[in-house]
Amino acid sequence: MSVNVSNTACLDTEPLEKILASIPNAGPNDLVPILQQVQKAYGYLPKSILMAVSDRTGISASQIYGVATFYEQFYLEPHGRHTIRCCRGTACHVKGSPNIINAIQQALGIEPNETTEDMRYTFETVACLGTCFLAPVMMINNDYYGHLNARKIKSILERYA
């Protein structure tokens, strides 16, 4: 079975069916785990799938969107295979994060909150990564890179090519 997302694309609902089958009688308390599993299966939270979650669980669409937009871990748009998060907090800023952000932008040809055309990278800046002792720092997926300078960026990114 597939759900029409737009005039040109359809999404397979089989992953959603498996997710919902694994959580019988799903209710509002199950919403975050459901959204986490949906995002893992689809790479983001497609609107049509969220509407199907609402239909199947009885959780209102507004409640689902409220949770999905509250937590930064959830994406409502397709996201790159690798997520780069560069800290722009005080310690990182003082130690050169603006230069790191510029180096990432130049290397990838995208701005913060954008995804490369090949869907390989999504670039985000964040208020804090909680690793001030590594300043300036960035994360790629779950890997931390600290004590950065602009010269290191290209070789780090190449590891994920």
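Worth a mention:
- Exclusive hit being among the β-branched types (Val, Ile, Thr), under 29 Å from Asp30 (Cβ atoms) and either touching a residue at least 60 places away in the same chain (Cβ under 8 Å) or not assigned by TED's automatic domain parsing to the domain that holds Asn29 (or both), set Thr57, Thr122, Thr90: Thr122
- Criterion (out of contact with any Pro (no Cβ under 7 Å at 6 or more places or on another chain), surrounded by 17 or more Cβ atoms within 10 Å (Cβ to Cβ) and basic (Lys, Arg)) met by exactly one of Arg120, Arg85, Arg159, Arg81: Arg85
- Residue list for segment 125-146, restricted to those being without any contact (Cβ under 8 Å) to a residue 24 or more places away in the chain and either in contact with a Pro (Cβ under 9 Å, 6 or more places away or on another chain) or among the β-branched types (Val, Ile, Thr) (or both): Gly146
- Filter result for Glu77 (out of contact with any Asp or Glu (no Cβ under 9 Å at 6 or more places or on another chain) and either touching a residue at least 60 places away in the same chain (Cβ under 8 Å) or of a type in the set (Asp, Glu) (or both)): yes
- Some residue of segment 108-116 being buried (at least 17 other Cβ atoms within 10 Å of the Cβ) and assigned to a helix (DSSP H, G or I): yes
- From Tyr71, Tyr65, Tyr44, residue being more than 26 Å from Tyr144 (Cβ to Cβ), free of Cβ contacts under 8 Å to residues at least 60 places away in the same chain and not polar (S, T, N, Q): Tyr65
- Phe133 falls short of the stated requirement of being within 12 Å of Thr83 (Cβ to Cβ) and not assigned by TED's automatic domain parsing to the domain that holds Tyr44.
- Scope segment 128-143; condition loosely packed, with under 15 Cβ neighbours inside 10 Å, out of contact with any strand residue (DSSP E or B) (no Cβ under 8 Å at 6 or more places or on another chain) and of a type outside the set (S, T, N, Q); matching residues: Gly130, Phe133, Asp143
- Subset of segment 93-107 (residues that are surrounded by fewer than 17 Cβ atoms within 10 Å (Cβ to Cβ), touching a residue at least 24 places away in the same chain (Cβ under 8 Å) and within 19 Å of Glu158 (Cα to Cα)): Asn99, Asn102
The values are calculated or read from the model by the stated rules, or taken from the named source; none is laboratory data. Here the structure is a predicted model, which is why all the values come from computation and not from measurement. When we count neighbours, we look across all protein chains shown, and the Cβ atoms used for this are built from the backbone with ideal geometry, even at glycine.
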